[in-house]
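Asker: Pasting a structure below so you can have a look.
The values are calculated or read from the model by the stated rules, or taken from the named source; none is laboratory data. Computed from a predicted model, the values in this text were never measured in an experiment. Don't worry about glycine lacking a Cβ; one is built from the backbone with ideal geometry, like all the others, and counts go over all protein chains shown.
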Amino acid sequence: MHRLCPMHLVDRDHPILHRRCRDVFKLNMDTIRQMYALLNSTGGLGLAAPQVGIDGRFFITAWGEIFVNPKIVREHGPCISAPEGCLSLPGVTRFKSRAQRIVLNCGRSYDGQEARVIQHELDHLNGVLLADE
């Protein structure tokens, strides 16, 4: 029986973390299950494909949503600066200004912490690390 190696976070200097990811046309549910296992083991709030070495525009969240090729189409409310951490940067915290409420291309809106997590994971899909700013 063939077993997959456990999924792990790539090193913060890995090139995939510093470039825009490609659009996704098909998801592998085993990959998603492995990503959720990793996310749950770390206590994180979100995990983007490039963080595990996958060149694809998708991420998962601790509240159970999978976002594929997401785009913010509208931002509402004032931007709020708050401390953020990142699974790819253990021990690093930065204050980051984020929109309080966002609307995605799927038509759903998010606010508060969910909006912040989505914006953070979208940065990963665009090759932006918290430490780069």
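Asker: What number of residues within the range 12-39 satisfy the criterion of being at pLDDT below 95 and closer than 22 Å to residue 84 by Cβ?
Answerer: Count: 2.
Asker: Also, I was wondering about something else. Among the residues of the range 12-21 satisfying the criterion of being touching a residue at least 12 places away in the same chain (Cβ under 8 Å) and in a loop (DSSP other than H, G, I, E, B), which is surrounded by the most Cβ atoms within 10 Å (Cβ to Cβ)?
Answerer: Across the range 12-21, the extreme among qualifying residues is 21.
Asker: Name the single residue, out of those in the range 22-53 being assigned to a loop (DSSP other than H, G, I, E, B) and without any contact (Cβ under 8 Å) to a residue 24 or more places away in the chain, that is surrounded by the fewest Cβ atoms within 10 Å (Cβ to Cβ).
Answerer: Ranking the qualifying residues of the range 22-53, first place goes to 26.
Asker: Another one. Going through 9, 87 one at a time, which residue ends up being touching a Gly at 6+ places or on another chain (Cβ under 6 Å) and surrounded by 17 or more Cβ atoms within 10 Å (Cβ to Cβ)?
Answerer: Only one candidate passes the filter, namely 87.
Asker: While we're here: Give the residue, chosen from 67, 59, that is in contact (Cβ under 8 Å) with a residue 60 or more places away in the chain, under 16 Å from residue 116 (Cβ atoms), among the hydrophobic types (A, V, I, L, M, F, W, C) and assigned to a strand (DSSP E or B).
Answerer: From the options 67, 59, the qualifying one is 59.
Asker: Sticking with this one: Filter the range 74-106 down to residues that are assigned to a loop (DSSP other than H, G, I, E, B), modelled with pLDDT of 95 or more and not aliphatic (A, V, I, L, M) and give me whichever is farthest from the chain's Cα centre (by Cα).
Answerer: Across the range 74-106, the extreme among qualifying residues is 105.
Asker: Residue 125: within 20 Å of residue 16 (Cβ to Cβ), surrounded by 14 or more Cβ atoms within 10 Å (Cβ to Cβ) and modelled with pLDDT under 95, yes or no?
Answerer: So residue 125 fails the test.
Asker: Quickly run through the range 107-122 and pick out the residues that are surrounded by fewer than 14 Cβ atoms within 10 Å (Cβ to Cβ) and out of contact with any Lys or Arg (no Cβ under 9 Å at 6 or more places or on another chain).
Answerer: Selection gives 107, 108, 113.
Asker: Do we have any residue at all in the range 16-34 that's more than 19 Å from residue 119 (Cα to Cα) and of a type in the set (Ser, Thr, Tyr)?
Answerer: Checking the range 16-34: at least one residue is more than 19 Å from residue 119 (Cα to Cα) and of a type in the set (Ser, Thr, Tyr).
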